[in-house]
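J.: Take this structure first; my questions come after.
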Amino acid sequence: MIDTICAIATPLGMGSIGIVRVSGPLAADIATTICGCFPPRRGVYFRPFLSSTGETIDQGIALYFPKPQSFTGEDVLELQGHGGRVVIDLLLTRVLELGARLARPGEFSERAFINGKLDLLQAEAIADLISSDTAAAARAASRSLQGEFSRQVNTLVESLIDLRMCIEAAIDFSEENVNFFSDTVLTTSLTELQVRLKSLQDTAGKGRLLRDGMTVVIVGKPNVGKSSLLNHLARFEAAIVTEIPGTTRDVLREHISIDGIPLHLVDTAGLHESDDQIECEGIRRAWLEIEASDLILMMVDDQLGWTIQERGLIKKFPVDIPVTILCNKIDLSGQKPLIFDDVYGTKILISVKTGAGLDLLHEHLKTRIGYQGGWDGEFIARRRHLEALKRAAEFVALGSQQLNNFHSVELAAEELREAQNSLMEITGRFTSEELLSRIFSTFCIGK
Ligand SMILES: Nc1nc2c(ncn2[C@@H]2O[C@H](COP(=O)(O)OP(=O)(O)OP(=O)(O)O)[C@@H](O)[C@H]2O)c(=O)[nH]1
Ligand SMILES: [Mg+2]
């Protein structure tokens, strides 16, 4: 039996309006008791809200939405009274007395999801819209809420289903020597699917940056100017800078924003061989930061050039994280500011001390974030979505290999089934209970 949940849906504190939200089978009875008579369906009803002794707790508007045309898909009641801490609490207590229980965080959205009112992407978009820090993130969350991201995921799922049907028909009729679909047709369709999946991964990647920002780690040998760069970007003396190598031993973090995109800067201890216990720990932590970053700024001293040690370091970086090489101290090496691509990544010649080339770095960071004339057309995304898209892409690639290299239609079909499940995890069409409760528990109460 489904129970009835309730919560204060407005922020706690003083405000002109405070809302108690109720969802479940008791909503109509609660409305009738508190308002003194049955409220009109989907209508606005101005009434006194009554206590158990018939006293008026407050007066306000009751809105009653019978199922299934409500946010949660259940009977929903909203009592809109005044937004004082005590008065709204009295109203909530009255609703609890009448048999409802307090909702867990995100439980209204969870019920909306279970009753098919929203998919998981849209439910997450509500939480993201509420917590958006920038106008760009709010716009993107709103587009996700309207179903833009879900539509694109669902279109890919449909294509995968079509492909699987073709492949499974080929398996069923293989003994009768009926060749319905040539390998070439299947391969072409798979390639086309991979291109679309990649494009969705790119867009979702940008959406994730809008939500979470980009983590940029500054690394390099001691004394090359890493902390000086952090201070310059953060616009204050966040880190200690000295001419002594090994000044920074801890991980330092500063949060800035570039054109509305949050950037999480991380300054680290200089990477080199050391016997100092504290420095070794700093270096170990620096490597953890490297692995968790979205972009590595590898700084070198331009007077010393690009040495064997640095070439060794860069080889140890995770292959899928982009690296930008900053050749610093050009005021001493006599070089001019410059940006160019070389085999190791983009190189930028700068001087943190004089400011030369820092405009190039700024523009480069914007490009790396994916900022090209604004963010319109994007939707918000989470790491969870990116991981699922990546898994789907890997399964499609495996399926394609099975087909092309081993002509194994059965195994290709199996990989595509896994790819489809990964995609359906994003919208919640294929999701475990445990994942659902993990997602909804991060929402706030009343949502
Ligand atoms: N001439 C010149 N000196 C610089 C420049 N950038 C930094 N320095 C100096 O280089 C020295 C080291 O700078 P830091 O920012 O502490 O270097 P770091 O890479 O953080 O060093 P560790 O924390 O020891 O790894 C300081 O004396 C800075 O003033 C630059 O562009 N030109
Ligand atoms: Mg430092």
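The values are calculated or read from the model by the stated rules, or taken from the named source; none is laboratory data. Owing to the predicted nature of the structure, the values given are computational and were not obtained by experimental measurement. A quick note on method: Cβ atoms are made from the backbone with ideal geometry, for glycine too, and the neighbour counts reach across all protein chains shown. Accessible surface is based on the protein model in full, side chains and every heavy atom, while ligands, DNA and RNA are left aside. Shrake-Rupley method; radii C 1.70, N 1.55, O 1.52, S 1.80 Å.
J.: Report the gain in length on full extension from VAL87 to LEU304: 0.36 nm times residue separation, minus Cα-Cα distance, nm rounded to one decimal.
T.: Result for the pair: 71.1 nm of gain on full extension.
J.: May I ask you to order 332-340, 137-145, 78-86 by the average number of other C-beta atoms within 10 Å around their residues, highest value first?
T.: 137-145, 78-86, 332-340
J.: In Å², what does the accessible area per residue of the chain work out to with a 1.4 Å probe?
T.: Averaged over the residues of the chain, the accessible area is 49 Å².
J.: A further question on this structure: Compute, for the chain, the length of the dipole vector about the Cα centre, with Cβ point charges of +1 (Lys, Arg) and -1 (Asp, Glu) only. Units Debye, rounded to 20.
T.: 1260 debye
J.: Can I ask one more? Among PHE38, VAL241, GLN402, which residue has its Cα positioned farthest towards the positive end of the charge dipole of the chain, with +1 placed on the Cβ of Lys and Arg, -1 on the Cβ of Asp and Glu, and the dipole taken about the Cα centre?
T.: It is PHE38, whose Cα lies furthest towards the positive end.
J.: Continuing with this model, one more query. Add +1 for every Lys or Arg and -1 for every Asp or Glu among the other residues with Cβ under 14 Å from the Cβ of THR53, and state the total.
T.: Charge balance in the 14 Å sphere: -1.
J.: Please state the equivalent ellipsoid semi-axes for the range 15-83: what are the square roots of 5 times the Cα gyration tensor eigenvalues, largest first, in whole Å?
T.: Equivalent ellipsoid semi-axes, largest first: 19, 13, 10 Å.
J.: Could you work out [θ]222 nm for the chain from helices alone, using -39500 (n - 2.57) per DSSP H run of at least four and dividing by all its residues? Round to the nearest 500 deg cm²/dmol.
T.: -15000 deg cm²/dmol, from helical runs alone.
J.: Identify, among LEU63, PRO105, ILE439, the residue whose Cα sits farthest towards the positive end of the charge dipole of the chain, taking +1 on the Cβ of Lys and Arg and -1 on the Cβ of Asp and Glu, with the dipole about the Cα centre.
T.: Towards the positive end, the residue furthest out is LEU63.
J.: With +1 on each Lys and Arg Cβ and -1 on each Asp and Glu Cβ, and nothing else charged, work out how big the dipole of the range 122-266 is about its Cα centre, in Debye to the nearest 20.
T.: 880 debye
J.: Another question about this same structure. Which value in Å is the Kirkwood Rh of the range 231-276 over different Cα pairs?
T.: It works out to 12.1 Å.
J.: Work out how far the C-alpha atoms of the chain reach from end to end along every principal axis, then list the three figures in whole Å, largest first.
T.: Computed over the chain, the largest-to-smallest principal extents equal 84, 74, 43 Å.
J.: Which of the trypsin sites (Lys or Arg not before Pro) found in the range 1-56 are in a DSSP loop and have at most 13 neighbouring Cβ atoms, other than their own, within 10 Å?
T.: ARG42
J.: State the percentage of accessible surface on the range 134-428 attributable to carbon and sulfur atoms; use a 1.4 Å probe and exclude ligands, DNA and RNA.
T.: 52 percent
J.: Once R0 is set to 25 Å, what does the formula 1/(1 + (r/R0)^6) return for the Cβ-Cβ distance between PHE430 and GLU192, expressed as a FRET efficiency to the nearest 0.05?
T.: The calculated FRET efficiency here is 0.60.
J.: Could I ask something else about it? Once the other residues with Cβ under 11 Å from the Cβ of GLN401 are scored (Lys, Arg +1; Asp, Glu -1), what is the net sum?
T.: Overall, the nearby charge balance is -2.
J.: For the chain, with a Gaussian network of springs between Cα atoms less than 10 Å apart, report the residue from LEU263, LEU160, LEU50 with the top mean-square fluctuation.
T.: Fluctuation is largest for LEU50.
J.: Hey, how much of the P(r) for the range 382-447 falls beyond 14 Å, as a percent of Cα pairs?
T.: 63 percent
J.: Which Cα, out of GLY15, ALA392, GLY312, lies furthest along the positive dipole direction of the chain (beta carbon charges, K/R +1, D/E -1)?
T.: Of the candidates, GLY15 comes out farthest on the positive side.
J.: Could I ask something else about it? Counting only other residues whose beta carbon sits under 11 Å from that of VAL300, what net charge do I get with K and R as +1, D and E as -1?
T.: In short, +2.
J.: What is the P(r) of the range 5-119, as percent of Cα-Cα pairs per 10 Å bin from 0?
T.: So the P(r) values, bin by bin, are 16, 49, 31, 4, 0.
J.: Sticking with this one: Considering only protein heavy atoms and a 1.4 Å probe, what is the carbon-and-sulfur percentage of the accessible area of the range 5-119?
T.: 58 percent
J.: What distance in nm separates the two pseudo spin-label positions at GLU281 and THR367, each 7 Å out from Cα along the beta-carbon direction?
T.: Result: 4.1 nm between the two label points.
J.: Between ARG384 and LYS336, what length in nm is gained on full extension when 0.36 nm per residue of separation is reduced by their alpha carbon distance?
T.: Roughly 13.0 nm would be gained on extension.
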